[in-house]
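Participant: One structure coming up, written as structure tokens, with questions to follow.
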Amino acid sequence: MNHPLFDISGRTALVTGAGRGIGLALARGLAEAGCTVVLNGRDGERLERAAAELPGDRVHTVVFDVTDGSSVEAGIADVEQRVGPLDILVNNAGMQLRAPILEFTDADWHRILDTNLTSAFLVGREAARGMTERGHGKIINICSLQSEVVRPGIAPYAATKGALKMLTKGMCADWGPYGVQVNGLGPGYIETELTQPLVRDAEFSAWVRRRTPAGRWGRTEDLVGGVLFLASPAADFVSGQVLYVDGGMTSVL
Ligand code: NDP
């Protein structure tokens, strides 16, 4: 990435849920682009192992639960004091629970809402305090193709991701005047721990390949380019958008 529009070297980025899967791949991409990267998660040992895999010596970890307001507040304060002011936030932490609505418990509803939506509100709000004061920042919320479309058995997940899309637009409206751009990135079906039950289901797995114009499942690395773009000066006039990186799936019936 030699063009100055894509130069994000020297920026500081926090990625939530970065101990594995998509978050880890995005953290690696940001580190390779020259960012100082902070990996968040709830399991400190897993984060240390993940950090050791990343290139460069500007990789840090911070343990906090993204669903807990006071932990989020303390975690962001700790990062800004220990590592430096945040330029980029990737709200990636999330979970999936598959069950028909009639079998979905109140507790699971609150858990998935807290993990996929409240988390972005809490972490985004704390990160944006400094960003809006300094007059620049990039926030990228990891949405989903299910921000747009839904299948039977995943209504609560889709509801959280659809609402995350609107939260993205609302953050864009609130913080745009202060130089902060907020966008979403919507992955299609990507092979990770979260989708293992689907990957192992041969029939479903074949359906994904058939339904995706690109003809395959996504890989975590497929998402890196979109995040680097949204984090870069090339996207300084792009805000409130969701970039779907799904091999074309959301565009076809
Ligand atoms: P994984 O299950 O592999 O990883 C989820 C990550 O989130 C883990 O590192 C986990 O860390 C972290 N996490 C979960 N809850 C919390 C919490 N309360 N506090 C802090 N961290 C938490 O999922 P993926 O990598 O597949 O998914 C990443 C994101 O991408 C999610 O938002 C998901 O909805 C989205 N997505 C994924 C798709 C896919 O096909 N895989 C498709 C579309 C969207 P730990 O448990 O160690 O704390």
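Participant: Working only within the range 190-216, note down all residues that are part of a helix (DSSP H, G or I) and not charged (D, E, K, R).
Facilitator: Correct list: Leu194, Thr195, Gln196, Pro197, Leu198, Val199, Ala202, Phe204, Ser205, Ala206, Trp207, Val208.
Participant: Test each condition in (1) touching a residue at least 24 places away in the same chain (Cβ under 8 Å); (2) part of a helix (DSSP H, G or I) for Val238 and report the one that comes out false.
Facilitator: Val238 satisfies every listed condition except (2).
Participant: Look through the range 25-56, keep the residues that are within 17 Å of Ser119 (Cβ to Cβ) and not acidic (Asp, Glu), and return whichever of them is surrounded by the fewest Cβ atoms within 10 Å (Cβ to Cβ).
Facilitator: First, the residues of the range 25-56 that are within 17 Å of Ser119 (Cβ to Cβ): 26-27, 38-43, 47.
Keeping just the survivors that are not acidic (Asp, Glu) gives 26-27, 38-42, 47.
Numbers: Leu26: 28, Ala27: 32, Val38: 31, Leu39: 27, Asn40: 30, Gly41: 24, Arg42: 16, Leu47: 24.
Looking at residues that are within 17 Å of Ser119 (Cβ to Cβ) and not acidic (Asp, Glu), I get Arg42.
Participant: Output the residue which, of all residues in the range 166-189 that are part of a helix (DSSP H, G or I) and among the aliphatic types (A, V, I, L, M), is farthest from the ligand (Cβ to nearest atom).
Facilitator: Applying the filter and picking the extreme gives Ala173.
Participant: Out of (1) closer than 27 Å to Gly153 by Cβ; (2) in a helix (DSSP H, G or I), what's the single condition that is false for Gly17?
Facilitator: Status for Gly17: all satisfied but (2).
Participant: Here is a follow-up. Can you pull out every residue in the range 20-56 that is more than 16 Å from the ligand (Cβ to nearest atom) and not in a helix (DSSP H, G or I)?
Facilitator: Within the range 20-56, Ala33, Gly34, Cys35, Thr36, Pro55, Gly56 meet the criteria.
Participant: Further question on the same structure: Out of all the residues in the range 178-203, which are without any contact (Cβ under 8 Å) to a residue 12 or more places away in the chain and either over 27 Å from Leu167 (Cβ atoms) or among the small types (Gly, Ala, Ser) (or both)?
Facilitator: Listed by number, the residues that qualify are Gln196, Arg200, Asp201, Ala202, Glu203.
Participant: Count, please, the residues in the range 5-14 that happen to be of a type in the set (Gly, Ala, Ser) and either surrounded by fewer than 18 Cβ atoms within 10 Å (Cβ to Cβ) or assigned to a loop (DSSP other than H, G, I, E, B) (or both).
Facilitator: Of the residues in that region, 2 qualify.
Read-outs: derived from the displayed coordinates by stated rules, not from any lab. Keep in mind it's a predicted model, so treat the numbers as computed, not measured. So basically every Cβ, Gly included, is an ideal-geometry build from the backbone, and we count neighbours across all protein chains shown.
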